[in-house]
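Comments concern the structure below.
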Amino acid sequence: MSKSPATDNSVSRHRKAGFRYEILEQFECGIVLRGTEVKSLRDKNSSIEEAYARIEDGELWLIGSHIAAYSFAHSLNHEPLRRRKLLIHAREIRKLRPQVEQKGLTLVPLHIYFNDRGIAKVSVALCRGKTLGDKRRTLQTREHKREMDRALYRKR
């Protein structure tokens, strides 16, 4: 459903999301920003490691994301940890609401990026938290794949 963003336009990425969560479905959302927030994002001064998304009153909100204050804005700066509204179709919110209310599922932002038109977008995923055993299995498969790649490389 969502397009893969270009790597050079990526602003912030939740690198541990694939390890901590099982990603079930991804959505591309717009984000409502103030002018100083956009300038700070272009300077790549943001973090979404602690962020999550929540549906409230039929709207999707990004909570806990940090966009640093823009250094040249002085008194007209934004609050770094404020809640930001995500723009997504109402039918997608209606589809997500029962899934999020189900036990164990959450909405996690994966990355913030600028699309080809220069508009800030957020990739949000419907996720289920992994157990300790799932995480160990992920590490095991990653290590096995690394060993196989090394063995194939040595044969050449």
Rh by Kirkwood over Cα pairs, then Stokes-Einstein D for region 5-127 at 1.002 mPa s and 20 °C, µm²/s: 145 µm²/s
In which sequence would ILE31, ILE112 go, from the one with the fewest C-beta neighbours within 10 Å to the one with the most? ILE31, ILE112
Ellipticity estimate at 222 nm from DSSP helix runs (n ≥ 4, -39,500 (n - 2.57)) divided over the chain, nearest 500: -9500 deg cm²/dmol
Shape parameters for region 62-108, alpha-carbon atoms, Rg then Dmax in Å: 15.5, 44
Could you put LYS95, LYS145, LYS155 in order, starting from the residue whose Cβ has the fewest other Cβ atoms within 10 Å? LYS155, LYS145, LYS95
Which of the listed residues, GLY35, GLY18, TYR52, is farthest toward the dipole's positive end in region 7-130, when Lys, Arg count +1 and Asp, Glu count -1 at the beta-carbon? GLY18
Cut-off is 10 Å between beta-carbons; in what order do LEU86, LEU33 appear when sorted fewest neighbours first? LEU33, LEU86
Each residue of region 42-52 in order: what ³J(HN,Hα) in whole Hz does its phi give by Karplus 6.51 cos²θ - 1.76 cosθ + 1.60, θ = phi - 60°, with x for Gly and Pro? 5, 7, 6, 9, 8, 8, 10, 4, 9, 8, 8
Relative contact order as a percentage, the chain, C-alpha pairs under 8 Å and 6+ apart, gives 31 percent
Karplus couplings for region 94-100 from phi (6.51 cos²θ - 1.76 cosθ + 1.60, θ = phi - 60°), rounded to Hz, Gly and Pro as x? 4, 6, 6, 3, x, 6, 6
Tell me which of TYR113, VAL100, ALA73 sits at the most positive position along the dipole axis of region 7-130, charges placed on C-beta atoms (Lys, Arg +1; Asp, Glu -1). VAL100
Using a cut-off of 12 Å between beta-carbons, work out the net charge of the residues near LEU81 (Lys and Arg +1, Asp and Glu -1, LEU81 not included). 0
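How much net charge surrounds ARG150 when only other residues with a Cβ under 14 Å from its Cβ are counted (Lys, Arg +1; Asp, Glu -1)? Mind showing how you got there, number by number?
Details: positive: ARG142, LYS145, ARG146, ARG154, LYS155, ARG156; negative: GLU143, GLU147, ASP149.
Charge balance in the 14 Å sphere: +3.
Throughout, read-outs are computed from the coordinates displayed, never taken from laboratory work. Quantities reported herein were computed from a predicted structural model and do not represent experimental measurements. Positions of Cβ are backbone-derived with ideal geometry, glycine not excepted, and every protein chain shown enters the neighbour counts.
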